[in-house]
Amino acid sequence: MYINREISWLEFNQRVLRQGQRRDLPLLERLKFLSITASNLDEFFQVRVGGLVLLDRSGKAAPDLVGLTPAEQLELIHERVARMVQEQYALLEELRAPLQEAGLYPLPMASLNEAQRLALEDYFTANVAPLLTPLAMERENPPMLPNLSLIVGAEIQAEGAEESRFIAVTLPESLPRCIRSAALGREGYVLLEELVMAFLHKFFPKERVLCAAPFRVTRNGDIAVSEEEGGDLAHEMEEALVARKFSDCVRLELPEGIAPDFAARIARVCGAEGVALWRVPGFLRLVDFQQIAYEPGHEALKVESWSGNPPADVDPNISMFENIAQGDILIHNPFESYEPVVRLIEEAAADPDVLAIKQVLYRTAPGSRFIAALCRAAEAGKQVTVLVELKARFDERHNLAQAEKLQRAGVQVIYGVKGFKTHAKIMLIVRRENGTLRRYCHFGTGNYNEKTAKLYSDLSLLTCEENLGADASQFFNTVTGLTQLSRFRRLHPSPAMMKEKLIELIEAETRRARMGESAGIRAKMNSLNDVEMMEALERAAEAGVQIRLNIRGICCWAPTTARGRACTHIVSIVDRYLEHARIFSFHNGGDTLCYIASADWMSRNLDRRVELMVPVAEPRLARRVRGILDACFKDTAQASLIEADGTSHPMPPKGKKKPFAMQAYLQQQARRTARTQERAKRQTLEPHRPKKGLAAPRD
């Protein structure tokens with residue numbers, strides 16, 4: 001049984017919204033989840049709705065897995081999102097009173113006294129007005145209004161004129177959305193768009209502002225890059241970024257109370273029609289409330305702060321090369337600090353024995369320490385090769401800038417593989433030791449981004465195992481030399497080998513189940529929609545394989561038969577950290593096989609991206625990986641059960657047992673392990689001391 005991908009994604013966003021609706025969570029944690037749902041919807045409209053709109057307009061009405069045409073999917077999406085938006089604003093209304101009490105809710109301009117209004121007028125004149133540019137929009141070649149920006153639209157009428165004209169003022173991103181002033185009190189603020197509308201008349205001294213309202217345009221972000229033979233990918237990407245700025249409107253957001261004629265005028269100017277028009281019952285761009293949720297202060301209104309614990313297997317007193325040489329290291333961030341991975345690249349850049357560094361970069365942090373270290377390494381004369389994926393959606397411009405910075409430092413930059421996104425998380429360092437070359441590798445499930453490593457749950461494997469090192473070299477030779485993905489010893493890359501290996505592993509469990517043997521598959525991923533993988537799972541479930549899946553987002557599969565449903569358990573966990581790690585485990589007759597990967601079980605990952613699946617063979621680390629899966633399927637606090645129809649609901653409590661929260665458990669476990677290690681180190685370093693009451697031994 002298949003579930004529509006778009007509705008499944010919206011059900012995931014509903015699970016995020018459900019966290020905001022939980023009254024047992026602190027106020028600002030609830031506000032954070034509300035803002036995340038708004039950010040998610042922004043991307044959903046740009047990419048998924050944008051793509052469907054293009055398909056519908058092209059006349060290509062090929063149905064999806066469940067038989068829905070693009071037009072039918074758009075209709076379902078509109079209906080489902082409409083309910084979600086109502087729930088978003090109902091939640092904001094529920095949070096209003098406590099936010100007001102804390103001074104964290106916007107003050108209406110109409111509520112201000114004369115002194116406050118005068119102070120804000122001075123602020124507007126000095127700090128806001130010089131940055132604004134009113135644009136007359138009803139002309140032969142009107143300017144294009146930017147994507148996702150807040151815009152104030154107004155009808156202006158000159159003295160004695162019969163007709164009004166429409167102007168638009170885009171609010172610059174450089175200005176804060178929340179305008180604070182000593183006149184408003186220590187905590188009070190007004191919204192930027194309210195301030196602009198209050199003093200917009202100052203731009204039109206001999207005209208009247210008949211009406212004004214904020215609005216927001218969402219444009220189609222599903223702009224493909226044409227990779228023709230011999231083409232310049234960087235140039236193609238620059239053109240795609242420009243096209244995205246000027247693409248069609250797929251959503252126009254307006255305040256609910258706006259006059260119909262004024263709304264129609266805005267829609268005409270923006271080229272919005274039909275389902276693209278959304279009237280919202282409150283403030284636009286709820287994503288900005290995330291700034292309030294994260295800003296310093298008000299700690300009593302937030303969840304208890306967690307910090308990354310020192311990884312138990314990493315000794316900070318020796319180099320990362322010495323650490324890895326002592327045995328494979330597994331790091332589970334953010335419960336454990338990601339710092340050792342950053343330390344590795346920084347040490348490699350400075351180490352005179354390091355001869356070469358090769359790395360894939362998909363999304364990096366602003367001011368990335370990885371980029372800085374790679375530049376230093378190249379400037380020091382090391383051979384540095386970096387594959388920068390320019391097609392990382394919405395990070396393209398950032399990646400272009402990073403690629404240029406690397407090239408200026410002397411790094412050899414490769415722009416991915418033609419026709420595929422390179423999404424693998426791999427770093428290879430070649431070091432000279434005792435007259436020979438040794439390869440140190442990092443394989444991960446998440447990006448080389450030290451900022452998101454504090455927010456996303458991911459796994460890192462650090463190793464100098466010979467076969468993995470040889471495979472890492474082969475991988476880079478393949479993607480830089482454009483040879484076939486083959487001849488690997490232990491790695492399983494896509495698009496050539498990963499899906500084949502996964503189906504082989506699933507089918508092996510299916511055969512065992514049919515012979516009456518114990519068989520099981522446990523997997524953790526972000527999304528599942530690949531048809532061949534779903535068919536293999538369907539056969540396995542029907543054969544009696546015990547299948548446990550933890551899928552955070554899109555899940556397009558549900559078992560068809562009663563037997564399959566009895567053997568299958570699918571959950572989704574939404575908690576304070578974004579679940580991002582991909583882990584696959586197969587019972588294998590009792591000799592369990594464990595893997596971590598950069599890829600989800602999606603067609604795009606398995607067929608159209610360069611990805612890596614890596615075995616975790618060292619028994620101690622494999623036990624840790626299986627322990628993470630154990631915790632996934634024990635969660636009764638943050639997990640939701642995904643039903644056969646694609647809907648989901650919170651996991652019911654198990655009897656009178658205290659709810660179990662996976663992330664809280666993993667944080668406590670990492671903290672306990674770090675403390676135990678610290679005590680052991682202190683005991684080793686402290687000199688022998690006599691017990692109290694006993695005489696010290698004499699010389």
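The values are calculated or read from the model by the stated rules, or taken from the named source; none is laboratory data. In this text, all values refer to a predicted model and were calculated from it rather than measured experimentally. Heads up, the Cβs are rebuilt from the backbone with ideal geometry, glycines too, and the neighbour counts pull from every protein chain shown. The area values use the complete protein model at the heavy-atom level, side chains included, leaving out ligands, DNA and RNA. Shrake-Rupley method; radii C 1.70, N 1.55, O 1.52, S 1.80 Å.
Selection of first residues in region 424-437 that are closer than 24 Å to THR480 by Cα and of second residues that are among the acidic types (Asp, Glu), restricted to Cβ pairs under 6 Å at least 6 apart or on distinct chains, gives the following pairs, ordered by first then second residue: ALA424/GLU611; ARG431/ASP353; ARG432/ASP353.
Of the residues making up region 366-405, those that are within 22 Å of the chain's Cα centre (by Cα) and open to solvent by 50 Å² or more (accessible area, probe 1.4 Å) are PRO366, GLY367, ARG369, ARG393, PHE394, ARG397, HIS398, ALA401. Within region 95-123, residues that are without any contact (Cβ under 8 Å) to a residue 12 or more places away in the chain and under 26 Å from LEU28 (Cβ atoms) have Cβ atoms under 8 Å from residues that are open to solvent by 50 Å² or more (accessible area, probe 1.4 Å) and of a type in the set (D, E, K, R) in these pairs: TYR105/ARG96, counting only partners at least 6 apart in sequence or on another chain. Pick out, from region 10-118, the helices (runs of 4 or more DSSP H) lying fully within it that include 2 or more residues that are under 30 Å from ALA661 (Cα atoms). In region 10-118, the matching helices (runs of 4 or more DSSP H) lie at 27-44, 70-101. Part of a loop (DSSP other than H, G, I, E, B) and open to solvent by 20 Å² or more (accessible area, probe 1.4 Å): is that true of PRO146 in this structure? When the stated conditions are applied, PRO146 passes them. Taken as a whole, the structure leaves LYS501 outside the set of residues that are of a type in the set (D, E, K, R), closer than 30 Å to VAL303 by Cα and touching a residue at least 24 places away in the same chain (Cβ under 8 Å). Cβ-Cβ contacts under 8 Å between residues 6 or more apart (or on different chains), taken from a first residue in region 156-179 that is among the acidic types (Asp, Glu) to a second residue that is not in a loop (DSSP other than H, G, I, E, B), are listed as GLU159/GLU207; GLU159/ARG208; GLU163/GLN157. The set of residues in region 31-59 being over 18 Å from ARG285 (Cβ atoms) and basic (Lys, Arg) consists of ARG48, ARG57.
Say we look at region 124-143 and pick out the residues that are open to solvent by 40 Å² or more (accessible area, probe 1.4 Å), within 38 Å of the chain's Cα centre (by Cα) and touching a residue at least 60 places away in the same chain (Cβ under 8 Å); which of these is farthest from VAL287 (Cα to Cα)? The residue in question is PRO142. Just one residue in the set MET602, MET651, MET662, MET613 is open to solvent by less than 10 Å² (accessible area, probe 1.4 Å) and farther than 22 Å from LYS425 by Cβ; that residue is MET662.
Residues in region 557-578 that are over 18 Å from MET1 (Cβ atoms), open to solvent by 10 Å² or more (accessible area, probe 1.4 Å) and in a strand (DSSP E or B): LEU578 alone. For region 187-204, which positions are in contact with a helix residue (DSSP H, G or I) (Cβ under 6 Å, 6 or more places away or on another chain) and either part of a loop (DSSP other than H, G, I, E, B) or open to solvent by 10 Å² or more (accessible area, probe 1.4 Å) (or both)? GLU194, ALA198, listed by residue number. Among the residues of region 33-47, how many are within 18 Å of ARG552 (Cα to Cα) and open to solvent by 10 Å² or more (accessible area, probe 1.4 Å)? Count: 5. From the list LEU361, LEU344, LEU355, LEU330, the one residue that fits, being open to solvent by 20 Å² or more (accessible area, probe 1.4 Å), farther than 30 Å from THR170 by Cα and of a type in the set (A, V, I, L, M), is LEU355. Take SER640 and decide whether it is open to solvent by less than 30 Å² (accessible area, probe 1.4 Å) and within 25 Å of HIS423 (Cβ to Cβ). For SER640, the condition - open to solvent by less than 30 Å² (accessible area, probe 1.4 Å) and within 25 Å of HIS423 (Cβ to Cβ) - is not met.
Taking region 441-479 as the range and being among the aliphatic types (A, V, I, L, M) and open to solvent by less than 40 Å² (accessible area, probe 1.4 Å) as the test, the residues that pass are ALA453, LEU459, LEU461, LEU462, LEU468, ALA470, ALA472, VAL479. Of all the residues in region 444-489, those that are among the aromatic types (Phe, Trp, Tyr) and closer than 17 Å to ILE331 by Cα number 2.
ARG438 meets all of the listed conditions (1) over 24 Å from ASN605 (Cα atoms); (2) open to solvent by 60 Å² or more (accessible area, probe 1.4 Å); (3) modelled with pLDDT under 95 but one, namely (3). Scan region 57-75 for residues that are touching a helix residue (DSSP H, G or I) at 6+ places or on another chain (Cβ under 6 Å) and open to solvent by 40 Å² or more (accessible area, probe 1.4 Å) and jot them down. ALA71, the sole residue that qualifies.
Of all residues in region 596-616 being part of a loop (DSSP other than H, G, I, E, B) and modelled with pLDDT of 95 or more, which is nearest to ASP313 (Cα to Cα)?
VAL616
The C-beta contact set for region 523-547 (first residue under 18 Å from ILE7 (Cα atoms) and open to solvent by less than 10 Å² (accessible area, probe 1.4 Å), second residue of a type in the set (S, T, N, Q) and part of a helix (DSSP H, G or I), distance under 6 angstrom, 6+ apart or interchain) comprises ASP530/SER603.
Of note, ARG408 does not satisfy the criterion of being in contact (Cβ under 8 Å) with a residue 60 or more places away in the chain and surrounded by fewer than 19 Cβ atoms within 10 Å (Cβ to Cβ).
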